[in-house]
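**Q** The structure under discussion is supplied below as structure tokens; questions concerning it will follow.
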Amino acid sequence: IDLKRKKKFDVFYPSATGKKDIVVLENEKIRLSISTKGGNIVAAELKEFKTYADYIQNREKALMLFDSDSSTMGLSFFVNDKDLSTRQLYFEPTITEKTGVKVVSMRAKTDDSKKYIEFVYSLSEDSYTADFDINVMGLRKEGVTESIEFNWRTRLLATEKLITSERMVSSVFY
């Protein structure tokens, strides 16, 4: 055990190192790219649409809603009085499919298999909407459940001809 890593990440030290990969969750309408570093969606593409610029130039390219350069997402929390963020952790992916619903579970493990933070992304066939669940398991004693803050910053990419049109049709639902 690397003591420096254990001191910095406390019970999450097993998730402090790993390999940064992309896991794809998609259906016929949307493609979501999820990073193992941070466990978050780093890109979202609408397959049946394209930007105004791509339309004019007759390019067959999916409309990118956001990418890793324009968006960050994660949880900030304290674990035994240490300030941590899921953006610092490596998550292990599990991919399943149940009756037309594709599911990607991203888990940041601790030194105890019963304690973890899990992001669960679900996408139904023929849907533009992905479900997102956050599971914090067994970490009450470490103080994690008392201090969680969800942080999401994004700069939506230009998709329309005019900024006024774009502002008129852009919104967030949660």
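The values are calculated or read from the model by the stated rules, or taken from the named source; none is laboratory data. The structure presented is a predicted model; accordingly, all values stated were derived computationally and were not measured. Glycine gets a Cβ as well: all are built from the backbone with ideal geometry, and neighbour counts include every protein chain shown. All accessible areas refer to the heavy atoms of the entire protein, side chains included, with ligands and DNA or RNA removed. Shrake-Rupley method; radii C 1.70, N 1.55, O 1.52, S 1.80 Å.
**Q** Hey, could you check region 93-102 for residues that are free of Cβ contacts under 8 Å to residues at least 60 places away in the same chain and in a strand (DSSP E or B) and say which is nearest to the chain's Cα centre (by Cα)? Outline the logic, then answer.
**A** Our first condition is that a residue be free of Cβ contacts under 8 Å to residues at least 60 places away in the same chain; within region 93-102, this holds for 94, 96-101.
Still in the running and in a strand (DSSP E or B): 94, 96-98, 101.
Details: Thr94: 14, Thr96: 17, Glu97: 19, Lys98: 21, Val101: 18 Å.
For region 93-102, the residue satisfying everything is Thr94.
**Q** Hey, another quick one. What pairs come up if the first residue lies in region 121-133 and is under 14 Å from Leu46 (Cα atoms), the second is assigned to a loop (DSSP other than H, G, I, E, B) and open to solvent by 50 Å² or more (accessible area, probe 1.4 Å), and their beta carbons are under 7 Å apart, counting only those six or more places apart or on different chains?
**A** Asp126/Glu28
**Q** For Asp10, all conditions in the list (1) over 12 Å from Met106 (Cβ atoms); (2) of a type outside the set (Gly, Ala, Ser); (3) out of contact with any Ser or Thr (no Cβ under 9 Å at 6 or more places or on another chain) hold save one; what is the number of the exception?
**A** It is condition (3) that Asp10 fails.
**Q** Quick one: is Ser15 closer than 30 Å to Leu63 by Cα, open to solvent by less than 20 Å² (accessible area, probe 1.4 Å) and among the polar types (S, T, N, Q)? Break it down into steps so the answer makes sense when it comes.
**A** Numbers: closer than 30 Å to Leu63 by Cα: no; open to solvent by less than 20 Å² (accessible area, probe 1.4 Å): yes; among the polar types (S, T, N, Q): yes.
When the stated conditions are applied, Ser15 does not pass them.
**Q** While we're looking at this one, here's another question. Go over the candidates Ser127, Ser122 one by one and state the one that is at pLDDT 90 or above and crowded, with 16+ Cβ neighbours inside 10 Å.
**A** Values: Ser127 fails: crowded, with 16+ Cβ neighbours inside 10 Å.
One residue alone meets the criteria, Ser122.
**Q** Of the residues in region 81-92, how many are within 14 Å of Thr17 (Cβ to Cβ) and part of a strand (DSSP E or B)?
**A** First, pick out the residues of region 81-92 that are within 14 Å of Thr17 (Cβ to Cβ): 88-92.
After this cut, where a residue has to be part of a strand (DSSP E or B) as well, the list is 90, 92.
So the answer is 2.
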